[in-house]
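Q: Got a structure for you, written out below as structure tokens; questions coming shortly.
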Amino acid sequence: MFEPTEQGKDISIHSGVVLRGANTREDDVHSTGTLSIVEYTFGKCLEWKPTEVSVVSESQDQDPEWSLVNTHTRTRTVSEGTDSLGRSRTVRILLCDLKSFRINRSGQQLTLMLKDGTNYVVYFQLFNADSFVSSLKGFLKFIKSRKDRNMYIVMEAEDSVLEKSFAELDLFQENASDYVWKFVKNLHDRPYETTMEACSKLTDILLHKEPTRPVEEAVADLLNRSLTLDIPQPTILNVAGEEYEVIGEPGVSVVLPPRPPCPRGAPLTQEQWERCKDTDGRITNSEALKEMIFRGGISPTLRYEVWKYLLNYYPWEATNAERIELKNKKTEEYFAMKLQWKTMTPEQETRFSDFRDRKSLIEKDVNRTDRTHPYYHGDNNDHLVQLYDILMTYVMYNFDLGYVQGMSDLLSPILCLMDSEVEAFWCFVGFMNKVSTNFEMDQEGMKLQLSQLHSLVVLTDPQLAQYLDRHESGNMFFCFRWLLVLFKREFNANDILMLWEILWTDLPCKNFLLLVCVAVLDTEKNVLMENRYGFTEILKHINDLSLRIELPWTLSKAEGIYHQLMAVAGLLPDHIRVIIGLEPQLKTAIIDSEEENATAEPQLDVNDSRPSHSTGSGNVIFGNNEVSFERGINLSYM
Amino acid sequence: MAKTYDYLFKLLLIGDSGVGKTCVLFRFSEDAFNTTFISTIGIDFKIRTIDLDNKKVKLQIWDTAGQERFRTITTAYYRGAMGIMLVYDVNNERSFENIKNWIRNIEENASADVEKMLLGNKCDLADRRQVSKQRGEQLAVEYGIKFMETSAKASINVEEAFYTLARDIKAKTEKKLKEASNPTKSGGHALRAPEISRKPPVWLARCSIL
Ligand SMILES: Nc1nc2c(ncn2[C@@H]2O[C@H](COP(=O)(O)OP(=O)(O)OP(=O)(O)O)[C@@H](O)[C@H]2O)c(=O)[nH]1
Ligand SMILES: [Mg+2]
């Protein structure tokens, strides 16, 4: 954001508009405002200004000492002020930074996507997004996406002036535009060689002339676009083998059947739950229960009870009496472990650096965990003390794993629901037992999941996989946060409870979380590809999805993908079968598959059963992604 | 439509968890501070365009998670960085000692001539200080880099720090461009060493927008 010094000219004003930038928690105060198109000398902007004073103000929390020390603050006009979180309130978006926008299903919401991958969501309270979009028509050229009728792609000025700018800037000895277009054509036919050749040519040229930004941008853009021209059809069978050689992907010849609809169900009710208990309080039919939970989650009031089973604090078959006994035992055990660190003297601590390190990480994170949630809001909040105590006790419970960032995110909803230190602790232990490999020192668990996710995308959506590979994103690092804390940062406080309880059922298959990722990527595919997002923008776009993913829809889709895979289970290569929990077939399953598929050792499948080029020295690249990665480097340095 | 900037610089914030990297970035990009921040998981970036000697310089500033465990992931994003802010917390000795590890990390993962700068953050908390300004300065001298004490909370030196780093990168870039356009005088051809496709001069990395 920038601060214009001049007075802009309002061209079009719409009131009753709420604007949300990325990473705004839904419980933050939303204020209504006006959205206008304003003309400045540096270009036209979309400008959002609040009309109400926000209700909550945290400014009283600020120490008086530091408000005095503000000699270095940028000056800002009073009228713009800041919101309750101290953010600048006026939002200004240059129209030329806008890449595309999408009207959401309700028609009242508009997502603005900028060239750098940043997203803003605009909620129209008084009228439909359509009317705003039509008022944009006078100022922007945009077209409807062919693949998504709610999405509009802004025609960049570059698209039409590209040739002109090449010519004007006289960068090339030969006819500039001819050269570039010829390049693009060759690129399509012989991508690898052409790129290499062009890289050296363009490097020559750029080294001897001062490169001006538009050309670089234009070339980058052009390259990007050319790479996505005439994308092969989704059916993998007709992808030329040559294409795959370039990105180093073995041909996976499985055609998935159409995705079946998988409607969601109603949450598990108290009545249904009670019906599954026998007279002694044993849960008699846990499998049926899990299926109901998978289908619709759990009623909010029942969660407190059922989670203890899902997280293996109580065994399903325990009687009422056994549970009471277990609870007493676990309570004692908890306090014994808690005492271990509580009684650590300061001198002991000075000689116990591993302990100190863990402690200081926890202190820092507890203060930064879900503080906008009412349960953890405000200073001197007792729940923060409990959060701290549980995490410290977990360190004593599993000192080798210690404390790793992200764990406080996993604990926070559990504590909030249990509202009991002991129960929250043991449920957290159960959760950690399911996901502890995410947090291990070598990060092998994360790398394995990222590479499995890549394999799943290759199989279910080769077109997207190819796009990601070609934009240096085949390592799937942009999904890191999703996997590390199981979407905790991506969903609101309610949705995350439902997602997690569904995942804890281990239905319908192993690694269902990865299918949820595939489902979200499937939803975002058009946006990523039609906006021609590159490495940087893909990451930004995915980060900015936070709190804007629709859970039930995503779950249905993920389940649908599961059924698609199962429909061709016998044809799936072993490395895919293993991911979803099927036995490997240990034979050359597919006629024309690369031999690596068959010789893979499923358990050691870190490199996704394709040849590894990883150097093994803590290298960030793994599996065959290195091929595309390096190719990406060549392009990006062009 | 006019171009929106003349230069794009990719910068990186690194340092131990909790030293205030995200807060420093938030102060710089939104001119605000809030106490309810969340820890960084993975990596993200923010953009701010500044004016330097009549040139529009777009800064793309990457914020990484500080915990050592995540370095395999975060170092993947070092590539193409033209400037790095090494941040420690003046109230935390350990974060200062770790700067040397972060420097080593940079040497292994970023290009050799990346501009670096050392920041001692949270200088607003005078009573809890564990690292004196002199020690910060000394360390910076040792590594031949610039140094500033900052406070994201009180908004001290944050603007100055980013402007300084950006200015140094701009000077370096322009010098390289000049050398490259006068190949006879400065041996600019040497820049086009055979390994160009792997390790280009740093200013070329600007195109990594692609
Ligand atoms: N007093 C003071 N506190 C600060 C300052 N900057 C950050 N903090 C506090 O320090 C804590 C950590 O800040 P972050 O910006 O989240 O730290 P980080 O370096 O991004 O940490 P990771 O994301 O875990 O790597 C927060 O609770 C902030 O409130 C500062 O300048 N002064
Ligand atoms: Mg951070």
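The values are calculated or read from the model by the stated rules, or taken from the named source; none is laboratory data. The model shown is predicted, which means the values in this text are computed figures rather than measured ones. Note: ideal-geometry Cβ built from the backbone for every residue, glycine included; neighbour counts use all protein chains shown.
Q: Would you check if A:L384 is modelled with pLDDT of 95 or more, out of contact with any Leu (no Cβ under 7 Å at 6 or more places or on another chain) and crowded, with 19+ Cβ neighbours inside 10 Å?
A: Values: modelled with pLDDT of 95 or more: yes; out of contact with any Leu (no Cβ under 7 Å at 6 or more places or on another chain): yes; crowded, with 19+ Cβ neighbours inside 10 Å: yes.
Yes; evaluated as a whole, the condition is true for this residue.
Q: I'd like to check which helices (runs of 4 or more DSSP H) are fully inside region A:307-376 and have at least 2 residues that are farther than 27 Å from A:T505 by Cβ and in contact with a helix residue (DSSP H, G or I) (Cβ under 6 Å, 6 or more places away or on another chain).
A: Because the criterion is at least 2 residues that are farther than 27 Å from A:T505 by Cβ and in contact with a helix residue (DSSP H, G or I) (Cβ under 6 Å, 6 or more places away or on another chain), the helices (runs of 4 or more DSSP H) in region A:307-376 that meet it are A:320-342, A:353-366.
Q: Next question, about the same structure. If a residue must be surrounded by 21 or more Cβ atoms within 10 Å (Cβ to Cβ) and either within 14 Å of chain A (Cβ to nearest Cβ) or in contact (Cβ under 8 Å) with a residue 60 or more places away in the chain (or both), how many such residues does region B:110-138 contain?
A: 6
Q: Please go through region A:517-536 and pick out each residue that is under 24 Å from B:I38 (Cα atoms) and crowded, with 23+ Cβ neighbours inside 10 Å.
A: A:C517, A:T536
Q: Still on this structure, I have one more. Return yes when B:L165 is crowded, with 19+ Cβ neighbours inside 10 Å, at pLDDT 95 or above, more than 12 Å from chain A (Cβ to nearest Cβ) and within 14 Å of the chain's Cα centre (by Cα) and no when it is not.
A: yes
Q: Name the pairs whose Cβ atoms lie under 8 Å apart, with the first residue in region B:29-45 and without any contact (Cβ under 8 Å) to a residue 40 or more places away in the chain, the second among the acidic types (D, E) and more than 10 Å from ligand 2 (Cβ to nearest atom), and 6 or more positions between them or separate chains?
A: Pairs that qualify, where the first residue is without any contact (Cβ under 8 Å) to a residue 40 or more places away in the chain and the partner is among the acidic types (D, E) and more than 10 Å from ligand 2 (Cβ to nearest atom), are B:N34/A:E58; B:T35/A:E58; B:T35/A:D61; B:T36/A:E58; B:I38/A:D370; B:S39/A:D365; B:I41/A:D409.
Q: For region B:94-106, give me the residue count where each residue is in a helix (DSSP H, G or I) and within 27 Å of A:N438 (Cα to Cα).
A: The total comes to 9.
Q: Suppose we filter region B:16-55 for residues that are more than 13 Å from ligand 2 (Cβ to nearest atom), touching an Asp or Glu at 6+ places or on another chain (Cβ under 6 Å) and more than 9 Å from chain A (Cβ to nearest Cβ); how many remain?
A: 1
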